[in-house]
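Notes to accompany the following structure.
The values are calculated or read from the model by the stated rules, or taken from the named source; none is laboratory data. Since the structure is predicted, the reported quantities are computational estimates derived from the model, not experimental observations. A quick note on method: Cβ atoms are made from the backbone with ideal geometry, for glycine too, and the neighbour counts reach across all protein chains shown. We work out accessible area using only protein heavy atoms, side chains counted, and drop any ligands, DNA or RNA first. Shrake-Rupley method; radii C 1.70, N 1.55, O 1.52, S 1.80 Å.
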Amino acid sequence: MNPEASDKSVDLRSDTVTLPTSAMRQAMAQAEVGDDVMGEDPTVTQLETQLARRLGKAAAVFVASGTQSNLVALLTHCQRGDEYIAGTGAHAYRAEGGGAAALGGIQPQTIPFQSDGTLDLSEVARQVKPADVHFAVTRLLCLENTQDGKPLTPSYLQEAGSVCREHALSLHLDGARLFNAATALGCSAEALASPCDSVSVCLSKGLGAPVGSVLVGGEAFIQRARRWRKVVGGGMRQSGMLAAAGLHALHHHVDRLADDHANADALAEAVNARYQGAAESHTNMVFVDLPSGELATLQAYLAERQILIRGRRWVTHLDVSRDDINRVSAALQSF
Ligand SMILES: *Cc1c(COP(=O)(O)O)cnc(C)c1O
């Protein structure tokens, strides 16, 4: 049978396109729920408790999205007129509608990411503003793990943590794909979270839940974050239905992230077999460096074969199998 003839699509546009598995839907349907704004949803509480423990922190709060999680974190760490330092391409700065500025009066100071996804910590230190009425108060450093698929290591994060302490900054980690990083590095999620004051984890990326993120941190910090979550309209009621999907993902979809990384490596190899040296894989992402005209033609060709790509970042996830990668590989060879 022609592997390209299958009518099921291979969707490499993002790891947000995953559909809840039937086991996950079953867990959602059976979840014990209550009014979480009143603190009475046992499934939400269970998710928060389990993830906080797993990251070695005291508390956590379940939120609607990664964007809401970063926004609530920024609003909780910073006051109006404060400043946070983030990568120029950081999701929290660049891809969240300027929420911290719009809603919190919090100013960003950006620094370009280095090729390994880190920020140069001596540059971070240089950007901390002196105590002088001319300047915003630099309050927070925001890092991202993974950054474009690249994992930040525990030792880098430790170093970042000590730079923050030296300059009286808090450290927030946008760990949308924290478990991809831990899987790739062979370390615990706790080792990555330990130097950070707060960590945001997405359940709806590679972990395969339909909705939700969790913001993790200290007891007092999370208590204040709960107020901000309510303010931005994120107080949800019987959200245990959604938290159950997150719990299911934490129990069943973390260990399998290694498969996504292996599939990304195989996909990069397939691209390189057609275009030598064009592709690089990092955890579950493949970056395909082709001229935009060539990429557009390829995208249209693949779309006719129910293989969906969007731009130069191709992403593997729960709903992409090794057979699917083989199908993409065959399509690339015939292109
Ligand atoms: C997807 C993503 C977010 C935001 O998550 P949403 O749930 O889409 O709002 C934040 N940071 C990073 C690095 C992400 O990839």
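In this structure Cys78 has an accessible area near 10 Å², from a 1.4 Å probe over the protein heavy atoms. Taking the Cβ of Leu71 as the center, what net charge do the other residues with Cβ under 10 Å away carry, scoring Lys and Arg +1 and Asp and Glu -1? So the surrounding residues net to 0.
Phi-derived couplings, Karplus 6.51 cos²θ - 1.76 cosθ + 1.60 at θ = phi - 60°, listed residue by residue for segment 175-183: x, 3, 10, 4, 6, 5, 5, 4, 5 Hz, with x used for Gly and Pro. Amide H contacts for Asp11 (H built 1.01 Å from N in the peptide plane; partners 5 or more residues away or on another chain; cut-off under 5 Å): Leu308.
Ordered by 1.4 Å accessible area with all protein chains kept, Arg126, Arg237, Arg139 run largest first as Arg126, Arg237, Arg139.
Starting from the Kirkwood radius over alpha-carbon pairs of segment 8-142, derive D by Stokes-Einstein at 10 °C in a medium of 1.306 mPa s and give it in µm² s⁻¹.
Result for D is 88 µm²/s.
Rolling a 1.4 Å probe across the protein heavy atoms gives the chain an accessible surface of 43 Å² per residue.
Placing dummy labels 7 Å off each Cα toward the beta-carbon, the span from Val137 to Ala273 is 5.9 nm. Projecting the Cα atoms of Ala191, Pro151, Pro210 onto the charge dipole of the chain, computed from C-beta unit charges around the Cα centre, puts Pro210 farthest toward the positive end. In order along segment 115-128, the Karplus-derived 3J(HN,Hα) couplings, from 6.51 cos²θ - 1.76 cosθ + 1.60 at θ = phi - 60°, round to 5, 9, x, 8, 9, 5, 6, 6, 5, 4, 4, 5, 7, 5 Hz, and Gly and Pro are given as x. Surface composition of the chain: carbon plus sulfur atoms contribute 49% of the solvent-accessible area (1.4 Å probe, protein chains only, all chains present).
Ignoring the sites themselves, the chain has its longest run without GluC sites (Glu not before Pro) in a DSSP loop having at most 15 other Cβ atoms within 10 Å at 41-335. A Cβ-based charge dipole, computed about the Cα centre of the chain with Lys and Arg at +1 and Asp and Glu at -1, lands at about 600 debye. Computed from the mean reciprocal separation of all distinct C-alpha pairs, what Kirkwood hydrodynamic radius does segment 77-138 have, in Å? Hydrodynamic radius (Kirkwood, Cα pairs) of segment 77-138 is 12.2 Å.
Can you show me the helix-derived [θ] at 222 nm for the chain, built from DSSP H runs with n ≥ 4 at -39,500 (n - 2.57) apiece and divided by the number of residues, rounded to the nearest 500.
That comes out to -13000 deg cm²/dmol.
In loop segments of segment 48-106 as defined by DSSP, the trypsin sites (Lys or Arg not before Pro) with at most 11 further C-beta atoms inside 10 Å of their C-beta are Arg80. Scalar couplings 3J(HN,Hα) for segment 250-255, obtained by applying the Karplus form with A = 6.51, B = -1.76, C = 1.60 to θ = phi - 60°, are 5, 7, 10, 10, 7, 4 Hz; x denotes Gly and Pro. Fully extending the segment from Lys129 to Gln114, taken as 0.36 nm per residue of separation minus the present Cα-Cα distance, adds 3.2 nm.
Look at the Cα gyration tensor of the chain: its axes a ≥ b ≥ c give a/c of at least 1.5 with a/b at or below b/c, and that counts as oblate. Measuring between their Cα centroids, segment 187-225 and segment 6-40 lie 18 Å from each other.
Between amide H atoms placed 1.01 Å from N, distances below 5 Å from Gly87 occur with Ile111, all of them 5 or more places distant or on a separate chain. A Förster radius of 25 Å, combined with the Cβ-Cβ distance separating Ala23 from Asp255, puts the computed FRET efficiency at roughly 0.95.
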